[in-house]
Amino acid sequence: MVNDTPTKSDEDRRERPRNSASHAAALGGANLNPFGDLHTLQHLSARLARSLRHVFEPLLRHELRLWAEPLSVQRFADYRAERPEGLTGWVPLAMSPGNGQALLVIDGKFSLELLDLFFGGNGAAPHDMPTEFSPATEAMFQRLGTMIAVPMASAWEPLAKLAFIPGRVEGNAAMIAGIDGDDPVVLTRFGIAKGSHKPVFVDIVYPVQALKPYAPSLTGKVLGAAPDPAWQNGLAKAMMTVTFPVRSVLAEPLISLAKLMELKEGDVIPITVAADVPVMVAKGRLGTGTVGTSNGRAAIRLNTLTLNAEELA
């Protein structure tokens, strides 16, 4: 699938239409999404997409483009119904600590291509797709689940310290324990493409019930780990050593072009120093001051301060 004929249209980036994460309520007004706009989980998925490149590039033996599609929330039965016909691998990912689980969902054809590449082939899947997975394919899914679980844990770390433990792959979603067709799920989809070729998609499905313990983090506006005090202090000290040029304009006398053309070495241009002269820092105005001397050197005593820190940039 990654090696299909190149396509020039971005419309192929999503094979099946989806509603947005903040879609209108369905099923008689039931609210499938209790987490709002899911901005934090979308950011988490974008981070995970960058990490997944290191998982799939060695397997596909090619530099890849990976991205996170916009999230959507729907019933699990609706998600199953929109899957294409044919064999699909459903890998439970137990979320520890806790009793929740996510699902890694991969098209069977893509898994067979990966298996062929793993054993030294050119990534060709059988023309006639099997109806169930062989032991070798099941082992490939187990390997994929283990490899993907590591970047998933890293992506989740700013929200919660979780471990994702892959279970046995199922070819039939009805055989997956702990999730019912009416259960709402959050869909995170990742596109994988080689150059300009048509992409394949890998889904990670989170049941809403499994995400509820992390609702305070998921509904937050900022995704990031708690700042390290030592790092913050070091950054503050380093910022305090940054230097800025300080200058002042003592006078701006006017002179005609005729007088300017007549000037010669030794001529004197009279100036009048105002009581308050402007004092500048970088591109901003620090304030005004009076010209004088200090310790035998010319100096300016500041009379007013009008510094705006934003003007220093």
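Magnitude of the charge dipole for the stretch 156-313, about its Cα centre and with charges confined to Cβ atoms of Lys, Arg (+1) and Asp, Glu (-1), is about 300 debye.
Under a model in which nothing but the beta-carbon of Lys, Arg (+1) and Asp, Glu (-1) is charged, the stretch 74-233 shows a dipole of about 440 debye around its Cα centre. Once the dipole of the stretch 53-126 is set up with Lys and Arg at +1 and Asp and Glu at -1 on Cβ about the Cα centre, which of LEU115, SER96, ALA68 lies farthest towards its positive end? The residue sitting farthest along the positive end of the dipole is SER96.
Here the spin labels are modelled as points 7 Å beyond Cα on the Cα-Cβ line, and at THR272 and ASP37 they lie 5.8 nm apart.
Modelled label positions at ALA251 and ASN172, each set 7 Å beyond Cα in the direction of Cβ, lie 9.8 nm from each other. Each label was represented as a point 7 Å from its Cα along the Cα-to-Cβ direction; for LEU307 and GLN209 these points are 5.9 nm apart.
Given a 1.4 angstrom probe, I'd like the percentage of the accessible area of the stretch 64-194 that is carbon and sulfur, rounded to a whole number. Could the numbers behind the result be given before it?
Details: 2960 of 5550 Å².
The computed percentage sits at 53.
The residues of the stretch 76-211 expose on average 41 square angstrom of accessible surface per residue, using a 1.4 Å probe on protein heavy atoms.
With a Förster radius of 22 Å applied to the C-beta separation of MET147 and TRP67, the computed FRET efficiency comes to 0.70. Measuring max minus min along each principal axis, the C-alpha atoms of the stretch 120-199 give extents of 42, 34, 23 Å (largest first). Element breakdown for the stretch 237-297 at a 1.4 angstrom probe: carbon and sulfur atoms account for 61% of the accessible area. In this structure the amide hydrogen of LEU286, modeled in the peptide plane, comes within under 5 Å of the amide hydrogens of VAL279, MET280, VAL281, none closer than 5 places in sequence on its chain. Taking 0.36 nm per residue of sequence separation and removing the Cα-Cα distance, the GLU82/ASP180 pair yields an extension gain of 33.7 nm.
When only alpha carbons are used to place a centre, the stretch 42-104 and the stretch 140-190 end up 8 Å from one another.
The values are calculated or read from the model by the stated rules, or taken from the named source; none is laboratory data. None of these values were measured; they are calculated from a predicted model. Every residue, glycine as well, gets a Cβ built from its backbone with ideal geometry; the counts of neighbours run over all protein chains shown. Each accessible area value is taken on the protein alone, full model and side chains, heavy atoms only, with ligands, DNA and RNA left out. Shrake-Rupley method; radii C 1.70, N 1.55, O 1.52, S 1.80 Å.
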